[in-house]
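This report concerns only the one structure given below.
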Amino acid sequence: MKRFRRLRTNNHIRRLVRETSISRDDLIYPIFVAEGKNIKNPVESMPGIYQYSVDRLDEILIQINRSRISGLLIFGIPNHKDELASSAYDDNGVTQMAIRHIKANYPELLVFADVCLCEYTSHGHCGVVEGDKILNDETLPLLSKMAVSLAKAGADIIAPSDMMDGRVAAIRQSLDENGFIDIPIMSYSAKFSSAYYSPFRNAAESAPCFGDRKTYQMDYANGREALREIADDISEGADIVMVKPALAYLDVIKEASRYEYPLAAYNVSGEYSMVKAAAQNGWIDEKSIVMENLTAIKRAGADIIITYHALDAARWLEEDV
Ligand code: PBG
Ligand code: ZN
């Protein structure tokens, strides 16, 4: 008789036939660096997540380093914001200072630098604003300048998240012209306009002060368009492509894996906060839910997972060896 249950009789045999596993190498942990001194601010909407100033960043860097995950994704929160996001490409800006500190003290940690203007603009949009429009081509030179400045500070991988058209090509050209031919680009290729980002906008102080991001981020109804976005980023020179968010977009991740390029998925703030909230209420078991979610993201086809659960997951993976 056919019995599927033969391969489920005990933990050893289940491990033997497991199709998908998560490794610490797959995980990237996002961090928020605030300008100023002696800052460790809890992010209200994201239990366990803090904004740190550079002088207190070691508290989290030590943990990241010990966890043996691949690296971190850095978001800077500047004091000075203006129309043209000038702090974003200031070589002495908060993000640049933080990257220099990290690379000087933890050279083996991979530093992914998010490239987008929304944390740096006074209006909170990801590009240059004119009237009620977010301009595309006028934004590209600013993103390029930001990317070069972050590479100069020591970023290992440049990660544009703005969703302007043509930004991967523009950034690639500027990096190359400035001698950063070996710095890869991880593009947020299929980034959907999502309500799952709202806790992040608390954390990064980057909510738009008018309108929304629907003229540049993708409509969540569109799976095929996501594939066009990814194909285009690859042709513009992206080395790693991304789907974001992750859990409500597993179909897109699955389809995107056909490109045979390293594929990242961003398990975003709202996905994290919902798990934490339910866990804090005792309604779910946090460890089991997180491992199930992360495994599902890998099973769908992601190679790399950016997640606020990374440090917990690394600890749980180690416990289970
Ligand atoms: C900036 C950016 C956002 C996220 C990553 N980079 C927010 C946004 O587009 O408003 C979201 C990450 C998360 O929710 O965890 N463009
Ligand atoms: Zn942005």
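Using Cα centres only, tell me the gap between the stretch 6-74 and the stretch 250-321 in whole Å. Comparing the Cα centres of the stretch 6-74 and the stretch 250-321, I get a distance of 11 Å. Once you sort the root eigenvalues of the Cα gyration tensor of the stretch 91-178 as a ≥ b ≥ c, which label holds: rounded (a/c under 1.5), prolate (a/b larger than b/c) or oblate (the other case)? Prolate, because a/c is 1.5 or more and a/b exceeds b/c. Highest mean first, the peptides 174-186, 77-89 sorted by other C-beta atoms within 10 Å per residue fall in the order 77-89, 174-186.
By the count of neighbouring beta-carbon atoms within 10 Å, fewest first, I240, I28 end up ordered I240, I28. Neighbour counting of Cβ atoms within 10 Å sorts the residues M218, M146, fewest neighbours leading, into M218, M146.
For the chain, what is the mean residue ellipticity at 222 nm derived from helices alone (per DSSP H run of n ≥ 4: -39500 (n - 2.57); sum divided by total residues; nearest 500 deg cm²/dmol)? Mean residue ellipticity, 222 nm, calculated: -11000 deg cm²/dmol.
The label point for R201 and the one for A277, both projected 7 Å from the Cα toward the Cβ, are 1.5 nm apart. Between N65 and D137, the distance separating the two model label sites (each 7 Å from Cα on the Cα→Cβ line) works out to 4.7 nm. Ranking Y50, I60, G76 by Cα position along the charge dipole of the stretch 37-76, where only Lys, Arg, Asp and Glu carry charges on their C-beta atoms, puts I60 farthest toward the positive end. Cβ crowding within 10 Å ranks R14, R24, R167 as R14, R24, R167, fewest other Cβ atoms first. Taking each residue as 0.36 nm, the span from I181 to S21 lengthens on full extension beyond its C-alpha to C-alpha distance by 54.3 nm. Going by a ≥ b ≥ c, the root eigenvalues of the Cα gyration tensor, does the stretch 20-319 fall in the rounded group (a/c under 1.5), the prolate group (a/b larger than b/c) or the oblate group? It is rounded, given that a/c, with a ≥ b ≥ c, falls under 1.5. The phi-based Karplus calculation (6.51 cos²θ - 1.76 cosθ + 1.60; θ = phi - 60°) puts the 3J(HN,Hα) values of the stretch 197-209 at 8, 5, x, 4, 5, 5, 5, 9, 6, 10, 5, x, 7 Hz, whole numbers, x for Gly and Pro. Is the shape of the stretch 215-297 best called rounded, prolate or oblate, per the rule: a/c under 1.5 gives rounded, else a/b larger than b/c gives prolate, else oblate, with a ≥ b ≥ c the square roots of the Cα gyration tensor eigenvalues? Because a/c hits 1.5 or more and a/b exceeds b/c, the stretch 215-297 counts as prolate. In plain terms, the chain from K37 to T295 could stretch by 89.0 nm, reckoned as 0.36 nm per residue minus the Cα-Cα distance. Per-residue packing, averaged as other Cβ atoms within 10 Å, sorts the ranges 226-237, 57-68 into the order 226-237, 57-68, beginning with the highest. Here the gap between D212 and R228, fully extended at 0.36 nm per residue and compared with their Cα-Cα distance, gives a gain of 3.5 nm. The lysine pair count for the stretch 20-319, using Cα distances under 13 Å and pairs eight or more places apart or on different chains, is 7.
We did not get these values from a lab; they are worked out from the coordinates using the rules stated. The structure displayed is predicted, hence computed values, not measured ones. For neighbour counting, all protein chains shown are included, and Cβ atoms are generated from backbone atoms with ideal geometry for every residue, glycine included.
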